[in-house]
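S.K.: One structure is given below, represented as structure tokens, and several questions about it will come after.
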Amino acid sequence: MIDFVNFLFSDYIIIFVILYIFAEGYILFQLFPIYFNVLVDVIKKKKSYNFKQIFFQLIGGFLVLVLIKETVNYLWGVPRPYIVFGLSYLDSIYPHDNTLISGHSATSLFLALFTFNFSKTSGYINLFLALIGSLLRALLLIHWWKDIVFGWWVGFIVFLIFWLLSQKIN
């Protein structure tokens, strides 16, 4: 994997930059299907939404994800792979904090599962984006593979808790 990153960074810098930008920003792409589905449904008056329930689930879940990630990474985090492997040329673009849970992976799985509330097709698209984006973060040595898996578990558990709580609100 180190050779992969060295190869991309030295010989194909533009591909490295594109992959890195996607690995950092794919969560923003996941928001578009949610906005699109809600907007179309509201305009066509096809479906009515309980926005109190949606905001509770989305904002509450995100805040809990951030709290869990930051706490666990602070208490039990380990240096990122690129630091361990001595790839100092990545210091200027990669985060320097310790990691045990990938916040991007946790948030992306949470959003993918959340999207299924609106549309199965959009949910599957977001699930695919979550998978590709999370795997890229490990391939580019931003996270260890275990960080990705822990992030997915945390994202799934937080989604499940907030989905069940939001059902009780309704």
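The values are calculated or read from the model by the stated rules, or taken from the named source; none is laboratory data. Note that the structure is a prediction, hence the values are computed from the model and not measured. Every residue, glycine among them, receives a Cβ derived from its backbone with ideal geometry; neighbour counts consider all protein chains shown. Note: areas computed on protein heavy atoms with side chains; ligands, DNA, RNA excluded. Shrake-Rupley method; radii C 1.70, N 1.55, O 1.52, S 1.80 Å.
S.K.: Considering only residues that are buried (at least 21 other Cβ atoms within 10 Å of the Cβ) and over 17 Å from ALA112 (Cβ atoms), which ones fall in segment 142-170?
M.R.: Residues satisfying the conditions are ILE142, HIS143, ASP147.
S.K.: Right, something else. Return the residues of segment 57-80 that are without any contact (Cβ under 8 Å) to a residue 60 or more places away in the chain and either touching a Pro at 6+ places or on another chain (Cβ under 9 Å) or among the charged types (D, E, K, R) (or both); say none if nothing qualifies.
M.R.: GLU70
S.K.: A follow-up question, please. When you scan segment 107-129, do you find a residue that is free of Cβ contacts under 8 Å to residues at least 60 places away in the same chain, part of a helix (DSSP H, G or I) and in contact with a Leu (Cβ under 7 Å, 6 or more places away or on another chain), even just one?
M.R.: Yes, the conditions are met somewhere in segment 107-129.
S.K.: For segment 28-48, how many residues meet the condition of being open to solvent by less than 80 Å² (accessible area, probe 1.4 Å), of a type in the set (A, V, I, L, M, F, W, C) and at pLDDT below 85?
M.R.: 4
S.K.: Further, regarding this structure: State which residue is modelled with the lowest pLDDT when the search covers only segment 49-104 and only residues that are surrounded by 11 or more Cβ atoms within 10 Å (Cβ to Cβ) and polar (S, T, N, Q).
M.R.: In this case the residue turns out to be ASN50.
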